[in-house]
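The values are calculated or read from the model by the stated rules, or taken from the named source; none is laboratory data. Nothing here was measured: the structure is a model prediction, and the numbers come from that model. With ideal geometry, Cβ positions are generated from the backbone for all residues, glycine too; neighbour counts draw on all protein chains shown. Just the protein is used for accessible areas: all its heavy atoms, side chains included, with ligands, DNA and RNA removed. Shrake-Rupley method; radii C 1.70, N 1.55, O 1.52, S 1.80 Å.
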Amino acid sequence: MDPPAAPSFMVELLHSVPHINITLHRVNDTFNPNSTIYIESLGILASIPAALLIISLVFLLLYLLTRCCDRKPRKPKSHGCQKCTLVFFAIVCCAAIGLGLYGNDDLHNGVLQIFNSGRKIERLILNVRNQTEMVKQNLKTKVVLSELEAKFDQPPQLYNQTAQYLLQDTVKMVKDNTTLAINALETVVYLTRPSYSDMTLKSLLDTYEFYEELRWPVTLGFLTFLLVLCIILVIGATRSSRCALIFFSVCGLLAVTVCWLLSGIYLASAVALGDFCMKPNDFICSQQKLKDVQYTYCSSVGTNRYVLRLNESKDYVDRAKESLDTVTRIAIDLYPRFEMSSKINRLNGELDDSKRQLIALSAMADRRAVMEHYANATRGLCEGGLFGLTLMLLASLVSAAILSLLVCVDSHTWIYLTKKRPYEDKSETAPLFPAGAATASPASAQITSGTMTVNRTLLHAQATTTSNGSTSGLIASSGRNGTTHGLRGASGHHTLGRLPSQQAHMAGPNNGKYATLSKQCKTLESSDFY
């Protein structure tokens, strides 16, 4: 077998990561997924980001507990630094996510290159099996079952018993050698036919292609979700939107958890892939159940079982062809009147065609023909695929760290953002008549525009009520110093705001009719004051 190519720097770097077991002792770093100790060392490496996840969650919990106890109000201008921090690190996080998208695409392309090369090897083996089956059927039907012996059952024109026996033995040798060639071809068909107990290249490719068809879009969707989440954060920070910031806090916490967990998976996968790429041929050829690989790539020149059986079949065809030439020479001397040449020439042509096909099949199944496909598959996995997986690992670690920081700063920001002041009852705090109403009213001398409220009017009206139930019709007015005066109307039992019709003309708004606050306000009636 040819010496493997030298591993790249990235492969050596990932392979140099210490492999330790649960007792913190170094273990063998040779790629061996069937070893429980090796899987244990990868699990310990994957637990490092999980420990960082726990630390970040505990820190966030303690931080939020301290914020819950802090009731000190903050000025709106004091949040400017926090908003700038959110926007800056959100942009940095988007750049890290973009790096992850690039790495995901590289990994996908590398895996597709493996599938492409694997499918070519699979089609090559399938072609070998199909063409071998076709050659076997041609030899069986056109040579063995040709009934050549029946042509020589008649007595020869020139009687020679020795020559006749020799002719019959030579015809039998043609059929026997052809039968041995067919048996060798049946062995090739058996070796290339998949069995239930052995793994096949097709089954492995179908399984991992299914997983890749799920992994690539799911990873792409998750990274896109992180980008949208960062955009929401930027919008919420610039517009001081509590809803957007709270949404980022909730979804960001989930994103932090997923990013740390993915970092553990990517770290273990990258280290395992680095171990594999150090000596890929050793692991591939150690899979005894994968016969397609064993018989094509792992066998050296002269030990390929496909090629050995095909060459053996070709040798038997050569012997059959030599025997058929002998039959031709003897038959021409013994049977000069019979047309034997056309029959023998047809058999000779079938043997020649079978020989050419067997030579082509030997070249097709040789290791040197499939080595290029294996080299392309290994290159796609150990160069493009490993590089993409490393980028995804770095992007996941950076994104997890930045998102943890953003969740903390975002929680600190939206907690202290003041809500919008709710609508208050203007009848309790606002002046009864605005300042501009004094100039628009014809009775500005009697009705003020700036100081008196509805509550004060009610209190003044109650204070002027006499003990016998009589009411003085008062129309409030205010002087410059804010003192309140009243104009007494006629005594009697009148509803507040109603002017008696028997009295003289009273100064006031609406000429004694029901007093109103404005065109949009409700008319004050007696039931509003009692």
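Structure summary
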| read-out | value |
| --- | --- |
| Set F222, F247: member being within 21 Å of the chain's Cα centre (by Cα), over 10 Å from L403 (Cβ atoms), of a type in the set (F, W, Y) and open to solvent by 40 Å² or more (accessible area, probe 1.4 Å) | F222 |
| Among residues of region 309-336, those that are open to solvent by less than 30 Å² (accessible area, probe 1.4 Å) and not in a helix (DSSP H, G or I), counted | 1 |
| Some residue of region 297-308 being among the β-branched types (V, I, T), buried (at least 16 other Cβ atoms within 10 Å of the Cβ) and farther than 27 Å from E12 by Cα | yes |
| Some residue of region 203-225 being polar (S, T, N, Q), assigned to a helix (DSSP H, G or I) and in contact with a Phe, Trp or Tyr (Cβ under 9 Å, 6 or more places away or on another chain) | no |
| Residue check, Y165 open to solvent by 20 Å² or more (accessible area, probe 1.4 Å), among the aromatic types (F, W, Y) and at pLDDT below 75 | no |
| Check on L13, open to solvent by 50 Å² or more (accessible area, probe 1.4 Å) and modelled with pLDDT of 90 or more | yes |
| Some residue of region 270-287 being within 20 Å of the chain's Cα centre (by Cα), closer than 23 Å to G100 by Cα and open to solvent by 30 Å² or more (accessible area, probe 1.4 Å) | no |
| Among (1) over 39 Å from the mean Cα position of the chain (by Cα); (2) without any contact (Cβ under 8 Å) to a residue 24 or more places away in the chain - the single one L351 does not satisfy | (2) |
| L358 crowded, with 19+ Cβ neighbours inside 10 Å, at pLDDT 80 or above, in a helix (DSSP H, G or I) and within 32 Å of the chain's Cα centre (by Cα) | no |
| Residue within region 85-96 that is at pLDDT below 90 and more than 27 Å from the chain's Cα centre (by Cα) present | yes |
| Failed condition for I37, given (1) in a helix (DSSP H, G or I); (2) within 28 Å of the chain's Cα centre (by Cα); (3) not basic (K, R) | (2) |
